[in-house]
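Below is one structure, written out as structure tokens; the observations come after it.
The values are calculated or read from the model by the stated rules, or taken from the named source; none is laboratory data. Remember, it's a predicted structure, so these values are computed and weren't measured experimentally. Here Cβ is always computed from backbone atoms with ideal geometry, including for glycine, and neighbour counts include all displayed protein chains.
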Amino acid sequence: MQDTTQVSEFKGIMVYLEHSAGQLESVSLEILGKARELAERLATDVTGVILGYDIREFGEEAAQFGADRVLVADSPSLAQYTTEAFCNVLAEVVRDRKPEIFLLGATHDGRDLAGRLAVRLNTGLTAHAVQVDIEPETNLLVCGVPGFGGSIVARCKCPRSRPQMATVRPGIFPVPERRPQRKGAIETVQVNTGQVRTKVVERSVKAGVDIARAEIVVIAGRGAVTYFDSVRKFADSIGSAIGVTRPLADRELMPRDYQVGSTGIAVTPKLAIVLGASGAAHFVSGIRGAKTVISVNKDPDADINADADYFVVEDIGRLLPALLSKLEGK
Amino acid sequence: MKVVPKTEDVRFDQQTRTLDRSGAENEINQPDKSALEMALQLKEGHGGDVVLLSMGPSFFEPYLRLGIAMGADNAILLSDRAFAGADTYPTSYTIATAIRKIGNFDLVLCGEESSDASTGQVPPGIAEWLDIPQVTYLSQLNIEGSMARAKRTVKGGYEIVEAPLPLLASVELGCNSPRFPDFRRKRWAEKEFKITVWTAADMGVNPDKIGSKGSHTTVDELVELPRPSRRMQRITGSPEEEAVLIVQKIKEAFGS
């Protein structure tokens, strides 16, 4: 096993670039932006690494978003994400390039991959970072990791092994500006996928609205389940994205990507309209970044009222028709 | 299976900057309960034994007994002061070592993540230590012969993954409704069932790889995120009047 405790041998910041449906994930761009900042602090550079098939154009794109160098592993055997192939290829890349910091998006695949890779690389990994900084005295990576429903953040470091790995929560950092004139070095990586025991036989993915980035989100809670069709109509009529609380995602009313809260997405809209949610701590942490919150709940003592700028104590079944007719009539 | 304090019961002490769990009621980590339910359903369809495995102090025992009352066949608690302070690296190592000691397994089922630390890193870590394939964020699992077919949640949808056994799967919260303990089994589980306890010495773990000593990460400090200040203004009236005011607030939020 490689000695990951020879700290001084490890240099630079590496960013795992995830992509789906022919696009770089916005969390990967967000991390590139953050990595640039960290690189300035450490006077080092940013290397993106991307795995897939027929993905060469992403190299230039990543450079325009801030990577100094992009390592491209392009192979039919990487056409679909599998834990083992991606882990095997990335482990070799990291062993070869020895970055001091390695950041990945905290997506389903990113977390699946990072958890295995960190053990393979014999190093430390922090999860779902919402704060990513360099500690001035030590130049160590310090990540803020939310726990207990998201209100308490643990500041974590990985002092004695390298790379210092972290997954970064989507939607926390801004997407940096794309500079078309910015160029980076594009390098091809040898692909040796090794043993791959899982096989993806079907993949059903819809390119939906990225609710983490939406300007306005209507979020349905348990109290809005029976009126979900009207909730959709309401959201459509004001041009809003739609989100749900955990119990609605459990009932498969919407996919998990629309679940707002500490175990789902943190939204950062100008306006969140919360319909029929009680205001559990793990949910509320997901709307912390909303500029304005309007809540509707029939319970005058619902916890959500304290987390709203404007709250209405009303039966959603009565309010929604009034809202819809008002919007249609305007 | 992990025992966690109920999130809403945990208080942050501003003075000491530590968590006050003293007032917190504990529970079985909810996704772990979903994993147990999935295991019990598979047992009903395919036979086999369901073994509960947990790492923690002795106060975990009543929760393991609850799992036994739900239908698990056996329970092993990895309990040793030397395990304390473990991050996900030594935790996955210790649990994987115990699984090796149990031997002869087809499936390792875990909850997708714990509600306290919420990393979700232990399941893939265990799979790596055991060198077996993994499927994380799984909502359905079918076994045919020595093959597993799993529905896995990904961004924007799902994928169907096939993998040979033995396999590690992390199970999504909410993918099933965990059963209640069997009333007759409960008495036996509480009074007579014997939990197996393994210490570090029992398992032959590398002492440098466990507990805080084996951890790569350190927690510097805990910070409570300030609660955003909200206006908490109530809007009142008939539904029609409320609708008018809400539409007005929507316009205001966008500066028109």
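The table that follows gives values for the structure above.
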| item | result |
| --- | --- |
| Search result, residues across the stretch A:21-47 that are of a type outside the set (A, V, I, L, M), touching a Lys or Arg at 6+ places or on another chain (Cβ under 8 Å) and not in a helix (DSSP H, G or I) | A:Glu25, A:Thr44, A:Asp45, A:Thr47 |
| Unique match (being over 30 Å from A:Asn297 (Cβ atoms) and in contact with a strand residue (DSSP E or B) (Cβ under 7 Å, 6 or more places away or on another chain)) among A:Gln195, A:Gln164 | A:Gln164 |
| Cβ pairs under 6 Å, 6+ apart, first in the stretch A:121-147 and without any contact (Cβ under 8 Å) to a residue 40 or more places away in the chain, second polar (S, T, N, Q) and surrounded by fewer than 21 Cβ atoms within 10 Å (Cβ to Cβ) | A:Gly144/A:Gln131 |
| Residue match in the stretch A:240-248 (condition: without any contact (Cβ under 8 Å) to a residue 60 or more places away in the chain, part of a helix (DSSP H, G or I) and crowded, with 21+ Cβ neighbours inside 10 Å) | yes |
| Meets criteria (not in a helix (DSSP H, G or I) and not assigned by TED's automatic domain parsing to the domain that holds A:Val168) for A:Ser230 | no |
| Answer from A:Arg179, A:Arg169, A:Arg155, A:Arg111 - the residue that is of a type in the set (Lys, Arg) and more than 30 Å from B:Arg21 (Cβ to Cβ) | A:Arg179 |
| Within the stretch B:128-145, tally of residues that are in contact with a Lys or Arg (Cβ under 6 Å, 6 or more places away or on another chain) and touching a residue at least 24 places away in the same chain (Cβ under 8 Å) | 7 |
| A:Tyr227 vs. criteria touching a residue at least 12 places away in the same chain (Cβ under 8 Å), aromatic (Phe, Trp, Tyr), in contact with a helix residue (DSSP H, G or I) (Cβ under 7 Å, 6 or more places away or on another chain) and closer than 30 Å to B:Gln121 by Cα | no |
| Hey, B:Val219 more than 17 Å from B:Thr97 (Cα to Cα) and more than 23 Å from the chain's Cα centre (by Cα) or not | no |
| Lone unmet requirement of (1) assigned to a helix (DSSP H, G or I); (2) within 26 Å of B:Lys191 (Cα to Cα); (3) not aliphatic (A, V, I, L, M) for B:Asp49 | (1) |
| Qualifying residue in the stretch B:245-252 (condition: outside any loop (DSSP other than H, G, I, E, B), in contact with a Phe, Trp or Tyr (Cβ under 8 Å, 6 or more places away or on another chain), within 7 Å of chain A (Cβ to nearest Cβ) and surrounded by 13 or more Cβ atoms within 10 Å (Cβ to Cβ)) | yes |
| Search result, residues across the stretch A:267-282 that are within 21 Å of A:Val27 (Cβ to Cβ), crowded, with 23+ Cβ neighbours inside 10 Å and away from chain B (no Cβ under 11 Å) | A:Val267 |
| Verdict on B:Val205 being closer than 30 Å to A:Ile304 by Cα and either over 21 Å from the mean Cα position of the chain (by Cα) or more than 8 Å from chain A (Cβ to nearest Cβ) (or both) | no |
| Filter result for the condition that a residue is of a type in the set (D, E, K, R), within 24 Å of A:Ile172 (Cα to Cα) and surrounded by 19 or more Cβ atoms within 10 Å (Cβ to Cβ), over A:Asp68, A:Asp45 | A:Asp68 |
| In the stretch A:1-50, the residues that are without any contact (Cβ under 8 Å) to a residue 24 or more places away in the chain and of a type in the set (A, V, I, L, M, F, W, C) | A:Ala43 |
| Residue within the stretch A:129-141 that is crowded, with 21+ Cβ neighbours inside 10 Å, more than 9 Å from chain B (Cβ to nearest Cβ), out of contact with any Asp or Glu (no Cβ under 9 Å at 6 or more places or on another chain) and closer than 30 Å to A:Lys11 by Cα present | yes |
| Of the criteria (1) of a type in the set (A, V, I, L, M, F, W, C); (2) buried (at least 16 other Cβ atoms within 10 Å of the Cβ); (3) in contact (Cβ under 8 Å) with a residue 60 or more places away in the chain, which one B:Phe180 fails | (2) |
| Verdict on B:Val171 being within 14 Å of chain A (Cβ to nearest Cβ) and either at pLDDT 95 or above or within 25 Å of B:Leu77 (Cβ to Cβ) (or both) | yes |
| Residue satisfying condition, being within 14 Å of chain B (Cβ to nearest Cβ) and buried (at least 17 other Cβ atoms within 10 Å of the Cβ), within set A:Gly171, A:Gly184, A:Gly223, A:Gly194 | A:Gly171 |
| Close pairs (9 angstrom Cβ cut-off, 6 or more residues apart or separate chains): more than 9 Å from chain B (Cβ to nearest Cβ) in the stretch A:285-303, of a type in the set (Phe, Trp, Tyr) and assigned to a strand (DSSP E or B) anywhere | A:Ser295/A:Tyr310; A:Ser295/A:Phe311; A:Asn297/A:Phe311; A:Ala302/A:Phe311 |
| Hey, B:Pro90 in contact with a strand residue (DSSP E or B) (Cβ under 6 Å, 6 or more places away or on another chain) and in contact (Cβ under 8 Å) with a residue 12 or more places away in the chain or not | no |
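Let's see how each residue does on (1) more than 25 Å from A:Ile211 (Cβ to Cβ); (2) touching a helix residue (DSSP H, G or I) at 6+ places or on another chain (Cβ under 8 Å); (3) among the β-branched types (Val, Ile, Thr):
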position	(1), (2), (3)
A:Ala21	no, no, no
A:Arg41	yes, no, no
A:Thr47	yes, yes, yes
A:Ile50	no, yes, yes
A:Ile55	yes, no, yes
A:Phe58	no, no, no
A:Gln64	yes, no, no
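Every residue, every condition in (1) part of a helix (DSSP H, G or I); (2) among the hydrophobic types (A, V, I, L, M, F, W, C); (3) under 20 Å from the mean Cα position of the chain (by Cα), yes or no:
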| site | (1), (2), (3) |
| --- | --- |
| A:Gln80 | no, no, yes |
| A:Glu84 | yes, no, no |
| A:Ala91 | yes, yes, no |
| A:Leu104 | no, yes, yes |
| A:Leu113 | yes, yes, yes |
| A:Asn122 | no, no, no |
| A:Pro136 | no, no, no |
| A:Arg162 | no, no, no |
| A:Thr167 | no, no, yes |
